[in-house]
Each structure stands twice: as C-alpha cells, then as structure tokens.
1. Viscosity 0.692 mPa s, temperature 37 °C: what is the translational diffusion coefficient of the range 73-163 from Stokes-Einstein with a Kirkwood Rh over Cα pairs, rounded to a whole number of µm²/s?
2. When a/c is below 1.5 the answer is rounded, else prolate if a/b is larger than b/c, else oblate, so apply that to the chain with a ≥ b ≥ c taken from the square roots of the Cα gyration tensor eigenvalues.
3. What shape does the range 2-60 have by the C-alpha gyration tensor, where a ≥ b ≥ c are the square roots of the eigenvalues, rounded means a/c under 1.5, and otherwise prolate means a/b greater than b/c and oblate the rest?
4. Specify the residue with the greatest mean-square fluctuation among Ala166, Ala175, Ala20, computed from a Gaussian network of the chain linking alpha-carbon atoms under 10 Å apart.
5. Fewest first, what order do Ile8, Ile148 take by the number of other Cβ atoms within 10 Å?
6. Grab the range 5-205 and count how many Lys pairs have their alpha-carbon atoms under 30 Å apart, sequence gap of 8 or more, or different chains.
7. Cut-off 10 angstrom, C-alpha nodes, Gaussian network model of the chain. Which of His179, His39, His49 fluctuates the most?
8. Under a 10 Å cutoff between Cα atoms, tell me which one of Gly70, Gly181, Gly87 has the largest fluctuation in the Gaussian network model of the chain.
Amino acid sequence: MSFSILTIIIIITVLVSYLAFNDRALMDRFLYIPYDCKHNKNYVRMITHLFIHADYSHLIFNMFSLYFLGESLLNYGLEPEYGVFNGQVHFFVLYFFGGLFATLIPYMRNQDNPNYRSLGASGAVSAVIFAAIIWHPTMELSLLFIPIPIKAYIFSPLYLLYEFYADKKGQSGIAHDAHIGGAIFGVLYVLIINIDKGKEFIDAIF
C-alpha cells in the first residue's frame, strides 16, 4: 500500500475504531445521531461516525472494500489524470464529502427521532466504490455471494436495486439509505470533474 491519503484514512479509521471498541464513551461521542445534530447543533457527528464501526467484521469489510476500489481509483484514475497531488485531493474530497452527503437522507428521516443511531464508513466507501465503477465500468468485481466476477457496470444497478429494496423493507439495522446517498455522490462527483467518464460508462453498456 503506497503512502497516500487512502493509507492515512485506513490507518486512522482502524485505530479509532479499535479505541472505540474498548471505550464506550468514545463510541457514544462519535455516533451519528441526527437528533443531536439538529437540536444540539452537534454537526461534527456527521463526520466522526466515519471513523468508528460496530465490530471487527464491519470494520474489515469496509476497509478492504475501500482499499481495493480506492487503490484502483487512485492508481489508475485520479492520479494519472490529474497528477499525484491533485489526485489525492480529489480522493479526499470524494471520501469525506461523500460520507457527509450520505448522512443527508438519514438526517431528513430521523432529525426528530432521538433513538436513531448509526456508525461506520459505509456511505463514504460507497462513494468511492461508485466513483471507481464510473471510472472503470468494465473492471470485474468479485463478491462473497456471487462466485464469479461480474462487470462493474452490471454490479452497480444490481447493488442499487438491492439497497432500495432493503431500505424499503427496513428492520435490517443497516443504513441502506446512507449507502444509496454515498453511491449517488460518487457518481455525481466523477461526472462533475470528468463528464467523459459518464459517456464511457454508457458506451461500455451498449
């Protein structure tokens, strides 16, 4: 793993998550609680929750997904296109603003619900994954529940359909709406900085 903003994000997230596993007070301070954001102006929670996770499996899954798709996006997308420094800046903006954008739907839904809690980097990771998919639509992705690699442009609509279905069904304990929000941001961000990637994605499909 090259020393980059991606490396720094992963190291800090692993360390903070580990500390939070052993410190309930820290976990509580970092949780995303829309009610607290609205009524106590504690908006920092919209970012701090990205650094904590529910358990080791949650942490490992997010960081492995972030590493493999983030490396692809950085090494074969952002850095070759914009240079090392600007590529790193784009990745930073994509990740953290993607994570922030992913909190908006849960915020609108739960700003007056004092019982809602969420945590984890899934929304930000979703932004990175979908940015990588738009950038490299023909790359192959392997998933635990699908034994053969599938093209990214096939994976993306299937993933979103599942997330919409799971969100509508509810009661899963997973913030599917945050995943959707992150995915939307990842797509929009790439289209804003490089509209040609949207055209290439469409060409890959047809």
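Coordinate-derived values only; no laboratory data. All of these numbers come straight from a predicted model, not from anything done at the bench. Ideal geometry is used to build each Cβ from the backbone, glycine not excepted, and the neighbour counts take in all protein chains shown.
1. For the chosen part, D equals 220 µm²/s.
2. Verdict is prolate for the chain.
3. Verdict is oblate for the range 2-60.
4. The residue with the greatest mean-square fluctuation here is Ala166.
5. With the sparsest Cβ surroundings first, the list reads Ile148, Ile8.
6. Going through the range 5-205 pair by pair, I get 7.
7. The residue with the greatest mean-square fluctuation here is His39.
8. Comparing Gly70, Gly181, Gly87 in a Gaussian network model of the chain, the most mobile one is Gly87.
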